[in-house]
């Protein structure tokens, strides 16, 4: 039983509980560099340190041993554009208005009972983004790869942009030069895009090694189209897979990703920047289950079951954050913006963010009790009705909201007022709906969820779709 509480806005703010030793973190005299590696569609279990035996990721595994590992990390949304918009703005989806990759009316209109809420294609240029925050605090800023949340990263505080624009994938045959994306010069024929973006990022680091920099490296990989280097694809064709992880092209893409993470980490070390660089490694959302299985997590990209929103997260700061330590605290990518502001001692800040500062976890060994809220008043059609593990075979998700509070997770669906209550501690696969078994917990969770919907002014679609045809 959660117990009766009066749910105020402050309930969403962290309550800190000491569980570790006093902080031994020592701030550097100069502001630290910040590097964010944001992989596209990389699943929670698609790395060696997360338990995969098919994918080979020695460099990322090494990074995990040098980092604090967050096993309960969440994207702010289950697909690319809204998750990236939330990471870059520090705002819930309902506050920046990007709920899905445009358009919002996905799937057969006859199967959509409601008209989805309005959906913005891009974030507004006047929003205070992470790029603007770093630039306002004296940082050189660069983005290398998939941008996807506006036409122009330069309007959001970035000095350098290589390969970024409004597009969400590299296009047909787009992982090999000549490229299909804007803001990048073609390399030699056959050059691999992941290699090229890393080369550009390393050049940026070398150019700015004597002043603080913010490097955002949102790789296009491992988003479709699945395209790996031929010799690596052949390697994985001859390797036995298992547990739904056996796609040789996808595995080849992950190995190339890993190689390039290693190259970048080596460059930082050789330049003497390792102790003054904060490194974050994550994915923008869950993986596509039809490509790579994330069991025990249910479903994948586009779903608000765990497989769609739980993501890898590593945070490294040599000699400042304890390495080889893991945290089970639920954290969100919304938390990165306020954490960075704290770490760099920002003078120009955004004080209107939806995440929380993770410094007490990183530097003081504390845990954080907090609720996580997700809102998706939109439709996303199915990838594969047999493999998606969705609520129904037609859509990865239908309009609804989700609340995670402690071990409990509540799904609310707006079409049919459907409720699903799961105990994540004992049912990570979200198979056993306890809504009828735990009425007091259900009522408390639903009360909290409604309060958060009101606080964030989350739009709830109610207008019926005249094209809807009720199934027999």
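The values are calculated or read from the model by the stated rules, or taken from the named source; none is laboratory data. Since the structure is predicted, the reported quantities are computational estimates derived from the model, not experimental observations. Note that we place each Cβ from the backbone using ideal geometry, even for glycine, and neighbour counts take in every protein chain shown.
Summary of computed values
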quantity	calculated
Every residue from the stretch 363-383 that is surrounded by fewer than 24 Cβ atoms within 10 Å (Cβ to Cβ) and touching a helix residue (DSSP H, G or I) at 6+ places or on another chain (Cβ under 8 Å)	366, 367, 368, 370, 371
Residue, modelled with the lowest pLDDT, within the stretch 82-104, restricted to residues that are in a loop (DSSP other than H, G, I, E, B) and in contact with a strand residue (DSSP E or B) (Cβ under 8 Å, 6 or more places away or on another chain)	104
Members of the stretch 251-282 found to be outside any helix (DSSP H, G or I) and more than 24 Å from the chain's Cα centre (by Cα), listed by number	271, 272, 273
Selected residue (criterion: farthest from residue 377 (Cα to Cα)) from residues of the stretch 417-469 that are in contact (Cβ under 8 Å) with a residue 40 or more places away in the chain and surrounded by fewer than 14 Cβ atoms within 10 Å (Cβ to Cβ)	440
Sole residue being surrounded by 20 or more Cβ atoms within 10 Å (Cβ to Cβ), touching a helix residue (DSSP H, G or I) at 6+ places or on another chain (Cβ under 9 Å) and touching a residue at least 40 places away in the same chain (Cβ under 8 Å), chosen from 350, 323, 318, 332	332
Among the candidates 285, 183, residue that is surrounded by fewer than 18 Cβ atoms within 10 Å (Cβ to Cβ), within 26 Å of residue 153 (Cα to Cα) and touching a strand residue (DSSP E or B) at 6+ places or on another chain (Cβ under 8 Å)	183
